[in-house]
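*Asks:* Just passing along the structure, written as structure tokens.
All of the numbers you see were taken from the coordinates with simple rules; none came from a lab. Since the model is a prediction, treat every value here as computed from it, not as a measurement. Cβ coordinates were reconstructed from backbone atoms using ideal geometry, including for glycine residues, and neighbour counts include every protein chain displayed.
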Ligand code: PAF
């Protein structure tokens, strides 16, 4: 049976002494979240039947634009029904006071020092959305503090976020294992995201050049192109569709920093389609410098 709780007190009694695996979300659930739940359930099955806990909290600190925050979809009834159908054990839907009301488990100064030291936080998403990652890590550190999970699931779609959350966990919250969940894609290869819901059919069909462009980059890497060649292959596809405006296309390493070596890497990109910002990425293996 799925339990929906709001306060920290009710969360603590729902969790009791069980071990737990956390899926942090901002709601507006879609099939991408379902794949996070499946990973969490697989973890739980191998870890003494840990409880699968999903948090649903639209975190104001990670929005730069107040309009974006205002129009962010909130529908707890639909979200709870989906999470229940997928087999989540505990849904925690806290208020802002439940999350941020007490003493911060990790100070803003420590989080900022971690981000500044990373070199990753101010590029790509961080350059487009100043303050975004400080807001994300603030929420994640409070969620970890309240839920005290053994493991937490994060999607590879938000690769830069995943890298920074891993950094948070390894330096400041060492008892949480971060589980990276591969990107869930629709039949056109589009990475599932709540933002796709803002595009009409015309916008969606324009956006479908994004997986095509990433596939061109993957193929270029397979054919022996270096990072510059891979980027050129991706941009070549995107430039042929002026309705999709790339914000950045980069080839990065495991730390999400521009790569200048052979080996495992990832193409990351952000693009605007009809006023909707879409991000995506694909892993590659670079054979040439
Ligand atoms: O990826 C998200 O949905 C959010 O950034 C997260 C991790 C729930 C923090 O608010």
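*Asks:* Radius of gyration and Dmax for region 160-284's Cα atoms, expressed in Å?
*Replies:* Calculated on Cα positions, Rg and Dmax stand at 15.4, 47 Å.
*Asks:* Using only the alpha carbon atoms of region 56-115, find the Kirkwood hydrodynamic radius as the inverse mean reciprocal pair distance, in angstroms to one decimal. Before the final figure, lay out each step's value.
*Replies:* Working: mean 1/r = 0.0712 Å⁻¹.
Evaluated over region 56-115, this radius sits at 14.0 Å.
*Asks:* Taking the chain as the reference, fit the longest principal axis to its C-alpha atoms, fit the long axis of helix 159-171 to the helix C-alpha atoms, and give the angle between the two in degrees, 0 to 90, nearest 10.
*Replies:* 50 degrees
*Asks:* Largest first and to the nearest Å, give the Cα extent of region 14-130 along each principal axis.
*Replies:* Computed over region 14-130, the largest-to-smallest principal extents equal 38, 31, 30 Å.
*Asks:* List 247, 237, 201 from most exposed to least, where exposure is judged by having the fewest other Cβ atoms within 10 Å.
*Replies:* 201, 247, 237
*Asks:* Which value, to two decimals, describes the C-alpha radius of gyration of region 51-199 once divided by 2.2 N^0.38 Å?
*Replies:* On the way: Rg = 15.6 Å, N = 149, 2.2 N^0.38 = 14.7 Å.
It is 1.06.
*Asks:* Using a 10 Å cut-off on Cβ atoms, rank the peptides 152-165, 104-117 from the highest mean neighbour count down.
*Replies:* Working: 152-165: 22.6, 104-117: 14.9.
Averaged packing, sorted descending, gives the order 152-165, 104-117.
*Asks:* Let me ask something else. Which order results if 133, 144 are arranged by neighbouring Cβ count within 10 Å, fewest first? Write down the numbers at each step before the final one.
*Replies:* On the way: 133 26, 144 22.
Result, fewest neighbours first: 144, 133.
*Asks:* Sticking with this one: Arrange the following residues from fewest to most other Cβ atoms within 10 Å of their Cβ: 256, 142. Present the calculation step by step, with values, prior to reporting the outcome.
*Replies:* Details: 256 26, 142 23.
Ranking 256, 142 by Cβ neighbours within 10 Å, fewest first, gives 142, 256.
*Asks:* Please state the relative contact order of the chain as a whole percent: Cα pairs under 8 Å, 6+ residues apart? Let's see the in-between values first.
*Replies:* Numbers: 513 pairs, mean separation 47.7, N = 289.
About 17 percent, as a whole number.
*Asks:* If you wrap a convex hull around the Cα atoms of region 244-289, how much volume per residue is inside, in Å³? Before the final figure, lay out the partial values.
*Replies:* Values: hull volume 3.2 nm³, N = 46.
Here the figure is 70 Å³ per residue.
*Asks:* Give the angle, between 0 and 90 degrees and rounded to the nearest 10, that separates the Cα long axis of helix 227-239 from the longest principal axis of the Cα atoms of the chain.
*Replies:* Tilt of helix 227-239: around 90 degrees.
*Asks:* Post the alpha-carbon centroid distance, region 135-197 to region 211-271, in whole angstrom.
*Replies:* Cα centres, region 135-197 to region 211-271: 23 Å.
*Asks:* Which residue, 242, 149, 211, tops the fluctuation ranking in a GNM of the chain built on C-alpha contacts under 10 Å?
*Replies:* Highest fluctuation among the options: 242.
*Asks:* Moving to a separate point now. Stick to Cα atoms and the Kirkwood definition of Rh, then tell me Rg/Rh for region 136-225. It would help to have the intermediate numbers written out before the result.
*Replies:* On the way: Rg = 16.9 Å, Rh = 15.4 Å.
Ratio of gyration radius to Kirkwood radius: 1.09.
*Asks:* Using the Kirkwood radius built from alpha carbon pairs, what does the Stokes-Einstein equation give as D for the chain at 4 °C and 1.567 mPa s, in µm² per second?
*Replies:* Numbers: Rh = 19.8 Å.
D, rounded to a whole number, is 65 µm²/s.
*Asks:* Only Cα pairs within less than 10 Å get springs; with that Gaussian network setup on the chain, which residue of 71, 209, 140 has the largest fluctuation?
*Replies:* Judging by the Gaussian network model, the answer is 71.
*Asks:* Here's something else I'd like to know. I'd like to know how region 4-52 sits against the 2.2 N^0.38 Å rule of thumb: what's its Cα Rg over that expected value?
*Replies:* 1.23
*Asks:* While we're here: Where is the GNM fluctuation largest for the chain (alpha-carbon springs, 10 angstrom cutoff): 49, 263, 101?
*Replies:* It is 101.
*Asks:* What full-extension length gain, to one decimal in nm, is calculated for residue 18 and residue 228 as 0.36 nm per residue of separation minus the Cα-Cα distance? Spell out each step's value before the answer.
*Replies:* On the way: separation 210, 0.36 × 210 = 75.60 nm, distance 4.93 nm.
Result: 70.7 nm gained on full extension.
*Asks:* Based on C-alpha coordinates, I'd like the Rg and Dmax of region 86-157, in Å.
*Replies:* 14.0, 39
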